[in-house]
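Remarks on the structure that follows.
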């Protein structure tokens, strides 16, 4: 009997902790910040970095022979470095102010079954529990900010294809894995955004 009481007492306390952590969490335009990054900065930055890298490689390493693979490698390397630095700066200056993340991870305060249920609600697979809506919205915001950060650094993923410069068939499995990862990342980011939009009228904070 004592064990049963202990389990019963654990469930409410985990929700109390999650509710406490969810109070200051809010999305203040994560999607808009990411849209601006892709449609303005990357749209101009990637072609610029590739052009500068290719031109610099041609001036520094050209010896009269056709070395397009070297020029391409230098251009892509510069693009990757630029996107990494640019993403880091943009996250600190533009993305971070768009999300109030609170003082702790909300999802980790819940037990395994509650975490699974919460994720299914956010994904639209289960109906939303109105009693736990504040917690669900806080979880969605924190996950969405995390996914947005990965999307900022997404161009850097090209680095995983670099071995294909020497082993061409390597690009097939790695390209497939990257495609699945990118699809899943974008899908989850959009699901979290739809969940927050759908439940915005019920946000009681």
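Looking only at segment 109-137, residues that are surrounded by 13 or more Cβ atoms within 10 Å (Cβ to Cβ) and part of a helix (DSSP H, G or I) come to 14 in all. Residue check: residue 170 meets all listed conditions (1) more than 18 Å from the chain's Cα centre (by Cα); (2) within 30 Å of residue 68 (Cβ to Cβ); (3) buried (at least 19 other Cβ atoms within 10 Å of the Cβ) but one, namely (3).
Residues that are in contact (Cβ under 8 Å) with a residue 40 or more places away in the chain and within 22 Å of residue 41 (Cα to Cα) within segment 152-192 comprise 152, 153, 155, 156, 158, 159, 189, listed in sequence order. Condition check for residue 62 on (1) modelled with pLDDT of 90 or more; (2) surrounded by 12 or more Cβ atoms within 10 Å (Cβ to Cβ): one failure, at (1).
On the given criteria, is residue 90 surrounded by 13 or more Cβ atoms within 10 Å (Cβ to Cβ), at pLDDT below 90, in a helix (DSSP H, G or I) and in contact with a helix residue (DSSP H, G or I) (Cβ under 6 Å, 6 or more places away or on another chain)? Here the answer is no, as residue 90 does not meet what is asked. In segment 100-107, is there at least one residue being part of a helix (DSSP H, G or I), surrounded by 12 or more Cβ atoms within 10 Å (Cβ to Cβ) and modelled with pLDDT under 95? Yes, some residue in segment 100-107 is part of a helix (DSSP H, G or I), surrounded by 12 or more Cβ atoms within 10 Å (Cβ to Cβ) and modelled with pLDDT under 95.
The values are calculated or read from the model by the stated rules, or taken from the named source; none is laboratory data. Bear in mind the structure is a predicted one, so any value in this text is a computation, not a measurement. Glycine also receives a Cβ, built like all others from the backbone with ideal geometry; neighbour counts cover every protein chain displayed.
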